[in-house]
1. Looking at the structure I just gave you, is B:ALA60 outside any helix (DSSP H, G or I) and touching a residue at least 24 places away in the same chain (Cβ under 8 Å)?
2. Take segment B:71-100 and flag every residue that is assigned to a loop (DSSP other than H, G, I, E, B), aliphatic (A, V, I, L, M) and open to solvent by 70 Å² or more (accessible area, probe 1.4 Å).
3. Any residue in segment B:27-46 that is under 25 Å from B:LEU215 (Cβ atoms), facing chain A (nearest Cβ under 10 Å) and touching a residue at least 60 places away in the same chain (Cβ under 8 Å)?
4. Within segment A:155-201, which residues are within 20 Å of A:ILE246 (Cβ to Cβ) and charged (D, E, K, R)?
5. Restricting segment A:41-82 to residues that are of a type in the set (Ser, Thr, Tyr) and open to solvent by 50 Å² or more (accessible area, probe 1.4 Å), which is nearest to B:PRO9 (Cα to Cα)?
6. Among the residues of segment A:193-231, which ones are assigned to a helix (DSSP H, G or I), buried (at least 24 other Cβ atoms within 10 Å of the Cβ) and in contact with a Leu (Cβ under 8 Å, 6 or more places away or on another chain)?
7. I'd like to check which helices (runs of 4 or more DSSP H) are fully inside segment A:65-166 and have at least 3 residues that are more than 17 Å from the chain's Cα centre (by Cα) and at pLDDT 95 or above.
8. Out of A:GLN257, A:GLN271, I need the residue that is surrounded by fewer than 17 Cβ atoms within 10 Å (Cβ to Cβ) and either within 27 Å of A:GLY73 (Cα to Cα) or not aliphatic (A, V, I, L, M) (or both). Which one?
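The values are calculated or read from the model by the stated rules, or taken from the named source; none is laboratory data. As the structure is a prediction and not an experimental result, all values here were calculated from the model. As a convention, Cβ positions derive from the backbone with ideal geometry for all residues, glycine included, and neighbour counts pool all protein chains shown. Side chains included, ligands, DNA and RNA excluded: accessible areas come from the protein's heavy atoms. Shrake-Rupley method; radii C 1.70, N 1.55, O 1.52, S 1.80 Å.
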Amino acid sequence: MEFDSIQQLLTMAEKEKLTISELTLQTQAQQCECSEEEIYDQMAENLHVMLEAIKNGSVKDIKSTSGLTGGDGWRMSQYAKKKGILGEFFNRSITYAIAVSEYNAAMGKIVASPTAGSCGILPGTIISMMEERKLPEKSAVMALFTAGAFGMVIAKNASLAGAEGGCQAECGSASAMGAAALVEMAGGTPEMSANACAIALKNQLGLVCDPVAGLVEVPCIKRNAAGVSIAFTAAEMALAGIKSVIPADEVIEAMRQIGETMPCALRETGQGGLAVSATGIRLKKEIFGD
Amino acid sequence: MDIFDIIGPVMIGPSSSHTAGAVRIGRIAYKLLNELPIRAEIGLCGSFAQTYKGHGTDKALLAGIMNMHTDDIRIRNAQEVAKSMGIQYHLYTTQIKGAHPNTVEIYLVGKSGNECRMQGASVGGGNIEIRSVNGMEVEFKAQQNTLLVLHRDVKGTIAAVSNSVAASGMNIGNFQLCRPKKGHEGLMTIEVDGDVKEEDVIKLKSLPNVINVVLVRAL
């Protein structure tokens, strides 16, 4: 199964008179020679793992294996109840992103979407949207297909690996996938989804992968939260009819080029950026003793 | 590519490339050996060598060579599990020229004396690429069922193998040949669509000049 470009995705969806999620579900079923029900059920299972991860990651006493992180999901959930500045919905979205990311760092069971380092962003966007709008579970399951279709194009034409493309490839991609999915959940067109994808990605181009002590914790967990807010911002703009001046496919190409020219120290080696800040170095020593 | 490569796998954290991908590479080594190892030498290079402790890459690779899946909670205690199974393992860091940043080389010895040596890379999102098997260059991702056919480089052998694959009702999606030296041993890497039955593999093994056939089922 391959979608070569976002443009191809839009053309196919238009030709078949399908949403991107329907097109993706259908194409996947054809490819693996199984029924659409089987594929749907497998994706529903992924959604259930995400829901479980939100629950398990929101508890007060969660700690990562290193002891570096944990408890911020719970902290955020308490704050969200008080509505904060932007209201309960927005703060709950951030809560979910942090909770799932913290659970991942604690060697919990999560769905890599597209990667483990960025696993909080789709739960933070799609699940909070489903709850807020009281949408049926099916809407969230289908949104995962939409997100997956956009992720596939990024994987094919750029990269989803921090070691290859920096954090733009992980949290950037997840945020772009989430933005495109939110648009479909809100009733927007495939073209609006493409614009949301482009806008979200553009705002994270060049983002480096500089994990402290090489762990998927600092700054990854908080970048998941920020990825969620960028996804919502991009989706809102696209739904308002705002277009990305640079088309999504060209943004993805730019992302590939940036990733290729990014120095090795900023691509998940733990040798640059925040990883070599004074605190980053001290924490590494404290955790590993060398 | 499959939609569940992007939305998935379901896995034990914390890293899809350094944990889940590592489990999968380890599992391919297990499949190539075709039994539980008693000895394992695991060489990490690039980003794997730099950050394996923090990502549990060592645990993940051990879990893989014991045939665990990416969502197996025993990954958290893979070292203890390996010891309890009597597996002697040695982990080292190394450099391989021109290799992908997340590359590992694995050497396994099995209970019945079988050996296998392989090199694989974790290329992101839990996806992997196997780069070499027993010194032969290969290139497969284990996203499709893959047949590795070790054979003698004799005229007509490739045709006989592909005929047998066709007769078994399989369609070849990708075919590669590694033949380091004319007239010596070669390795065919054949990715096929759909299911592969054990009897299809047995049929292939019985062909003249075929030395061994290993089926690596899609992950």
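1. The answer is no for B:ALA60.
2. Within segment B:71-100, B:MET85 is the sole residue that qualifies.
3. No, that holds for no residue.
4. Residues satisfying the conditions are A:LYS156, A:GLU191.
5. Per the criteria, the residue is A:THR65.
6. Of everything in segment A:193-231, those that are assigned to a helix (DSSP H, G or I), buried (at least 24 other Cβ atoms within 10 Å of the Cβ) and in contact with a Leu (Cβ under 8 Å, 6 or more places away or on another chain) turn out to be A:ALA194, A:ALA196, A:VAL212, A:ARG223, A:ALA231.
7. In segment A:65-166, A:72-81, A:137-157 are the helices (runs of 4 or more DSSP H) which contain 3 or more residues that are more than 17 Å from the chain's Cα centre (by Cα) and at pLDDT 95 or above.
8. From the options A:GLN257, A:GLN271, the qualifying one is A:GLN257.
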